[in-house]
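Remarks on the structure that follows.
The values are calculated or read from the model by the stated rules, or taken from the named source; none is laboratory data. As the structure is a prediction and not an experimental result, all values here were calculated from the model. Quick reminder, even Gly has a Cβ in these numbers, built from the backbone with ideal geometry, and neighbours come from all protein chains shown.
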Amino acid sequence: MDPVAAYAHCEHITRTRAGNFYWGIRLLPGPKRQALCAVYALAREIDDIGDGDLPVEAKARALGAARERLTEIGPDADQPVLAALGHASRQLPIPLEAFGELIDGVEMDVRGTTYETFDDLVVYCRRVAGTIGRLSLGVFGANNMERAAPLADALGVALQLTNILRDVREDYRNDRIYLPREDLRQFECTLDPDAPPSPQFDAMIRFQTARATKWFDDGLRLRPMLDPRSSACAGAMAGIYRRVLRRIERDPAAVLRGRVALPAWEKALVAAQSLAGR
């Protein structure tokens with residue numbers, strides 16, 4: 001398949017679906033931007049299976065089919081996303097096996113997995129987001145890939161922990177509770193959006209934001225290991241999510257009212273600051 005058309009397809013998906021990530025991806029030079037759009041497009045396809053309206057059994061079959069399609073990744077693939085990713089992976093050391101781990105994580109959602117401890121939750125976060133960090137690192141490159149890989153993984157976990165807090169209300173409505181049961185018990189609170197906010201709930205959410213902040217602090221040690229444009233991309237993505245996290249920390253009950261998000265002008269500011277090396 002024509003790589004120009006394949007990449008254009010992936011960039012359209014990323015531009016229209018990656019509300020936060022595209023602000024960072026657009027800071028990359030052309031070849032790396034195209035490659036990361038291809039990574040995002042396939043990850044989006046996999047995530048959409050888990051988040052869709054199909055019955056559980058049908059989702060499981062669709063994820064199985066997606067896993068089989070990973071073997072078809074290559075520049076001659078019929079599907080544009082697989083073709084673009086195949087082309088990109090010939091140019092850059094993208095760890096394609098991480099997509100299999102991503103499918104493992106989405107299967108946890110489909111099965112309705114719940115999390116007793118934070119260590120249990122970290123397994124899920126590494127699968128659905130640490131994988132994206134490692135795939136992105138394959139696009140970015142680093143002066144020491146062995147040292148960089150766990151930092152990219154940690155940054156992915158930090159982003160996912162922020163997602164979990166941001167989407168508390170929406171996930172609850174979809175019968176998904178990600179926060180560890182041990183934390184809910186410790187703070188003697190529930191996640192019922194119809195219940196009035198309480199000091200216990202606020203304390204529990206602030207406990208979660210502090211934990212996510214530590215993961216960001218660890219993961220952002222990756223930036224000096226990247227070239228300037230890749231560092232700006234990672235910084236913009238992380239910067240947007242850190243601002244979301246700070247908003248939640250200031251007003252924990254906001255997560256019961258709806259999804260916490262930044263306006264476009266603020267995302268643009270974060271991206272500009274990251275490009276300037278801040």
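Quick look at the values:
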read-out: Within region 25-66, considering residues that are closer than 17 Å to LEU135 by Cβ and of a type in the set (Gly, Ala, Ser), the one nearest to the chain's Cα centre (by Cα); value: ALA43
read-out: Residue check, ALA58 aliphatic (A, V, I, L, M) and part of a helix (DSSP H, G or I); value: yes
read-out: Selection count, region 96-140, where residues are within 15 Å of ALA234 (Cα to Cα) and either in contact with a Leu (Cβ under 7 Å, 6 or more places away or on another chain) or among the charged types (D, E, K, R) (or both); value: 8
read-out: Qualifying residues in region 247-261 (those that are in contact with a helix residue (DSSP H, G or I) (Cβ under 8 Å, 6 or more places away or on another chain) and without any contact (Cβ under 8 Å) to a residue 60 or more places away in the chain) - the one surrounded by the fewest Cβ atoms within 10 Å (Cβ to Cβ); value: ALA253
read-out: When residues of region 7-61 are limited to those that are surrounded by fewer than 18 Cβ atoms within 10 Å (Cβ to Cβ) and among the hydrophobic types (A, V, I, L, M, F, W, C), the one farthest from HIS87 (Cα to Cα); value: VAL56
read-out: Check on ALA271, assigned to a helix (DSSP H, G or I) and in contact (Cβ under 8 Å) with a residue 40 or more places away in the chain; value: yes
read-out: Candidates LEU121, LEU82, filtered to the one that is buried (at least 16 other Cβ atoms within 10 Å of the Cβ), modelled with pLDDT of 95 or more and out of contact with any helix residue (DSSP H, G or I) (no Cβ under 6 Å at 6 or more places or on another chain); value: LEU121
read-out: Test: residue in region 138-155 that is assigned to a helix (DSSP H, G or I), surrounded by fewer than 17 Cβ atoms within 10 Å (Cβ to Cβ), among the basic types (Lys, Arg) and in contact (Cβ under 8 Å) with a residue 60 or more places away in the chain; value: yes
read-out: Test: LEU161 is assigned to a helix (DSSP H, G or I) and either closer than 30 Å to ASN144 by Cα or in contact with a Phe, Trp or Tyr (Cβ under 8 Å, 6 or more places away or on another chain) (or both); value: yes
read-out: From LEU42, LEU92, LEU102, LEU70, residue being in contact with a Ser or Thr (Cβ under 8 Å, 6 or more places away or on another chain) and modelled with pLDDT of 95 or more; value: LEU102
read-out: Selection count where residues are without any contact (Cβ under 8 Å) to a residue 60 or more places away in the chain and in a helix (DSSP H, G or I), scope region 14-39; value: 10
read-out: Some residue of region 189-209 being buried (at least 20 other Cβ atoms within 10 Å of the Cβ) and touching a residue at least 60 places away in the same chain (Cβ under 8 Å); value: no
read-out: Close pairs (9 angstrom Cβ cut-off, 6 or more residues apart or separate chains): among the polar types (S, T, N, Q) in region 69-84, surrounded by fewer than 22 Cβ atoms within 10 Å (Cβ to Cβ) and not in a helix (DSSP H, G or I) anywhere; value: GLN79/MET1
read-out: Breaking point among (1) under 21 Å from the mean Cα position of the chain (by Cα); (2) part of a helix (DSSP H, G or I); (3) of a type in the set (A, V, I, L, M, F, W, C); (4) surrounded by fewer than 20 Cβ atoms within 10 Å (Cβ to Cβ), for LEU96; value: (2)
read-out: Residue satisfying all of: in region 40-55; in a helix (DSSP H, G or I) and small (Gly, Ala, Ser); farthest from LEU92 (Cα to Cα) among these; value: GLY50
